[in-house]
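K.L.:
So that we are looking at the same thing, I have put the structure below in structure tokens.
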Amino acid sequence: MLKAAISFLLISFHFIASAQAKSIVFEAKEAEKIIKVLAADSMQGRKAGTQGCEKAALFIASEFQHIGLQPIAGGQFLQTFNLKPGQSLSGEGPKLNNVVGILPGKTKPGEFVIFSAHFDHLGVGVPENGDSIYNGANDDAAGTTAVIMLAQYFKQLANNDRTLVFAAFTAEEIGGFGSQYFSKQFDPAKVVAMFNIEMIGTTSKWGKNTAYITGFEKTDMGKIMQKNLKGTAFSFYPDPYPEQQLFYRSDNATLARLGVPAHTISTAKMDDEKYYHSVEDEVETLDLNNMVQIIKAIAESSRTIIAGNDTPTRVPALK
């Protein structure tokens, strides 16, 4: 029954996929199509463990399939795991799903570059002005949209020397359990870099065509990204909110603690993000044109790392 339901949804969502497009272009209209599905009221806020969250997982899996990514071990894009005792979901079921797809590397298949975001959010709460759904358009349907669009781009480009892993995590909002499970499936010594993407739908404190990198000073990955964007209109900056310890508060943290140059890219104004964790975090509040420029910048800035020409330094071991 479950397999039949998954097959039905994979077919139903086929109209979204644009991996057959001949041109390699990032467009706001493509981002809008994807993010409007993820942040729709029908997803019921994508709280981990709910039907809405699993519906979102199936949508992402359908996108990965039609793009032409390879599934993870076991032949499925869904990476299923169980919560451990004490990891509460307020009575919801214990089985959860990440979504993971792979593009094998041409010359260095045993070296991994990860692009990731979390797709879960807060679900349904007490109505505020008639709205009770925490749609999570910026947090983090925006990042998940970026992962899907990057998968489309690199599949069309078809020249990655290192293996690319595209991961959408569940359960970030309740403790980061999805990324913790995912991280255990890799030898950290073989993970060259992780580009985690969180809340890129609004403009940063510096305005358009800018974003920041958490933990910038911990490796030289940020400098490599800046180098690859030299001469463009886009700029990456170090995290301007060091007091908030953002480097260890997102899905990059587990691999970062194991030494992987794993950083989060964001534009969120953490001292003044108006719709953060509110029912007003809707697609209509986002700057999709700017968001697409950020996704394009991530693709360009990762170029030499994917090609194997640059290898970021490792995160110093925690004492």
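K.L.:
Quick one: which residue in 214, 232 is of a type outside the set (A, V, I, L, M, F, W, C), buried (at least 22 other Cβ atoms within 10 Å of the Cβ) and either at pLDDT 95 or above or touching an Asp or Glu at 6+ places or on another chain (Cβ under 6 Å) (or both)? Outline the logic, then answer.
P.N.:
On the way: 232 fails: buried (at least 22 other Cβ atoms within 10 Å of the Cβ).
The match here is 214.
K.L.:
When you scan the range 263-283, do you find a residue that is of a type in the set (A, V, I, L, M, F, W, C), touching a residue at least 60 places away in the same chain (Cβ under 8 Å) and assigned to a helix (DSSP H, G or I), even just one?
P.N.:
Step one: list which residues in the range 263-283 are of a type in the set (A, V, I, L, M, F, W, C), which gives 265, 268, 270, 279, 283.
With the extra rule that they be touching a residue at least 60 places away in the same chain (Cβ under 8 Å), the set shrinks to 265, 268, 279, 283.
Then keep just the ones that are assigned to a helix (DSSP H, G or I); that gives 283.
Yes, because at least one residue in the range 263-283 is of a type in the set (A, V, I, L, M, F, W, C), touching a residue at least 60 places away in the same chain (Cβ under 8 Å) and assigned to a helix (DSSP H, G or I).
K.L.:
List every residue pair whose Cβ atoms sit under 9 Å apart, with the two residues 6 or more apart in sequence or on different chains, where the first one lies in the range 26-37 and is under 11 Å from residue 296 (Cβ atoms) and the second, anywhere, is buried (at least 16 other Cβ atoms within 10 Å of the Cβ) and of a type in the set (Asp, Glu).
P.N.:
Listed by first residue and then by second, the contacts come to nothing, as the list is empty.
K.L.:
Here's a follow-up. Only one of (1) surrounded by fewer than 24 Cβ atoms within 10 Å (Cβ to Cβ); (2) closer than 13 Å to residue 256 by Cβ; (3) in contact with an Asp or Glu (Cβ under 8 Å, 6 or more places away or on another chain) fails for residue 241. Which number is that?
P.N.:
It fails just one condition, (2).
K.L.:
Report yes if some residue within the range 178-195 is in a loop (DSSP other than H, G, I, E, B) and either touching a helix residue (DSSP H, G or I) at 6+ places or on another chain (Cβ under 7 Å) or buried (at least 24 other Cβ atoms within 10 Å of the Cβ) (or both); otherwise report no. Step through it out loud before you land on a result.
P.N.:
The first filter runs over the range 178-195 and keeps only residues in a loop (DSSP other than H, G, I, E, B), leaving 184-187.
Subset that is either touching a helix residue (DSSP H, G or I) at 6+ places or on another chain (Cβ under 7 Å) or buried (at least 24 other Cβ atoms within 10 Å of the Cβ) (or both): none.
The answer is no, given that none of the residues of the range 178-195 is in a loop (DSSP other than H, G, I, E, B) and either touching a helix residue (DSSP H, G or I) at 6+ places or on another chain (Cβ under 7 Å) or buried (at least 24 other Cβ atoms within 10 Å of the Cβ) (or both).
K.L.:
Show the residue pairs meeting these rules: Cβ distance below 8 Å; 6+ apart or different chains; first residue within the range 187-200 and over 16 Å from residue 260 (Cβ atoms); second residue surrounded by fewer than 24 Cβ atoms within 10 Å (Cβ to Cβ) and among the acidic types (Asp, Glu).
P.N.:
Close Cβ pairs satisfying both conditions: 199/273.
K.L.:
Sticking with this one: For the range 186-207, indicate whether the set of residues that are at pLDDT below 95 and under 20 Å from the mean Cα position of the chain (by Cα) is non-empty. Walk me through how you get there before you give the answer.
P.N.:
As a first pass, look at the range 186-207 and keep what is at pLDDT below 95: 186.
From what's left, under 20 Å from the mean Cα position of the chain (by Cα): 186.
Checked against the condition, which is being at pLDDT below 95 and under 20 Å from the mean Cα position of the chain (by Cα), the range 186-207 yields at least one hit.
K.L.:
Could you figure out which of (1) more than 18 Å from residue 67 (Cα to Cα); (2) surrounded by 24 or more Cβ atoms within 10 Å (Cβ to Cβ); (3) touching a strand residue (DSSP E or B) at 6+ places or on another chain (Cβ under 6 Å) isn't true of residue 201?
P.N.:
It fails just one condition, (3).
K.L.:
Which fully enclosed helices (runs of 4 or more DSSP H) of the range 1-120 have 3 or more residues being at pLDDT 85 or above? Break it down into steps so the answer makes sense when it comes.
P.N.:
Working: elements: 2-12, 28-38, 51-67.
Fully inside the range 1-120 and qualifying: 28-38, 51-67.
The values are calculated or read from the model by the stated rules, or taken from the named source; none is laboratory data. Keep in mind the model is a prediction, meaning the values are calculated, not measured. As a convention, Cβ positions derive from the backbone with ideal geometry for all residues, glycine included, and neighbour counts pool all protein chains shown.
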